[in-house]
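First up is the structure itself, then whatever we jot down about it.
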């Protein structure tokens, strides 16, 4: 969104000038036409006073979006007009960013814009999927039905996300804490014993020698370690958006033991659920595939969806690029082929999504059950090894003194 200065004439033919907030010059002209102003000149205003605050440009949390869509759907189903429902949600929203965005949407609605077009001006808040499905609902007179379907879709997506996050958060936190404890022991505790061992001149076991060497490197070259970590982080940030690098990283993530299968199931659930919802809402197949390509979150599957779009345009099956691919199980492709042949693709995709959402739930629980004892055992072995490497030579020294 930006600000545009204009000069023109109003309905009475009087000269008028001012500024208006819009997404583009075309959008600004449309808004002024609705207000009855015939523009003679319109230019974008620049400078710090007309720059959007970055905070307001950030997307809202996914949970807030899910709550908004469900509340909006409930109000519309209750017979409340879109204009009144938007006003009510502005008052009820606890998010300042959401209030601002809904306020701008309300202004557009009063100027005659459909809700889908008003929402599409805020892509960081309302995803492309949301705007396109509402546009299809408005065109087909099924706005309330499509909105209810969107609410159900986003609720299921949120549930799946939460299950994957909960399965991965605890092991990662436990691993991070264990690394910090080990670094603290090697960097601060072990050096206190190094002087004592050297003063007694005792013969140290190989484990203690290795521990002292690691401690010496960490305490002497800690700054170099920080430099290397910083270079790796900045290097990754620079190359991660390159298509070839991103494809390799995403391929590797799907192949990681234990975590890979869980991520693959979550991605397949998202892909089939989104495609089913779009197809059921009468969004054209090629357009639906492009939308799913943007929301699936993995470049391996994105490439397959892009190939599927080309396949459909050439008159071939949507399932053709997926058949035999290592990232897509045979079950998925079979259900897609059966759906196409029977004219029930949306139903088949919906069933595949149900299956993988259940699989994600089960796999998440299994992952937590499997990783927790493994990580606890790992921490016990490592910390126990560090303690043993310190205590064994100490006992030897005490024995010699006695």
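Every read-out reported here was derived from the displayed coordinates using simple, explicitly stated rules and does not represent laboratory data. Not measured: the values here are computed from a predicted model. Here the Cβ positions follow ideal geometry from the backbone for every residue, glycine too, while neighbour counts run over all protein chains shown.
At-a-glance table
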quantity	calculated
GNM flexibility winner over the chain from 358, 330, 209 (Cα, springs under 10 Å)	209
Cα long-axis angle, helix 128-140 against the chain (0 to 90 degrees, to the nearest 10)	30 degrees
Taking all pairs of distinct alpha-carbon atoms in segment 143-206, Kirkwood radius in angstrom	16.6 Å
Shape of segment 64-187, Cα gyration tensor, a/c cut at 1.5	prolate
Mean Cβ neighbour count within 10 Å, used as a protection proxy, ranking 269-277, 245-253 highest first	269-277, 245-253
Evaluated at q = 0.11, 0.18, 0.20 Å⁻¹: base-10 log I(q)/I(0), Debye formula over Cα of segment 265-402	-0.51, -0.96, -1.12
Gyration tensor verdict on segment 289-332 (Cα atoms; rounded if a/c is under 1.5, prolate if a/b is larger than b/c, oblate otherwise)	oblate
Inter-part distance where segment 273-290 and segment 65-107 are each reduced to a Cα centre, Å	25 Å
Ordering of 285-296, 87-98 by burial proxy (mean other Cβ atoms within 10 Å per residue, highest first)	285-296, 87-98
Gain on full stretching of the segment that runs from residue 220 to residue 365 - 0.36 nm per residue minus C-alpha separation	47.9 nm
Most mobile of 203, 64, 138 in a GNM of the chain (Cα contacts under 10 Å)	203
Backbone N under 20 Å from the residue 181 label point (7 Å along Cα→Cβ), restricted to segment 361-402	368-392
Value of D in µm² per second that Stokes-Einstein yields for the chain, Kirkwood Rh from Cα pairs, at 37 °C (0.692 mPa s)	125 µm²/s
Segment 129-193 versus segment 256-271: alpha-carbon centroid distance in Å	13 Å
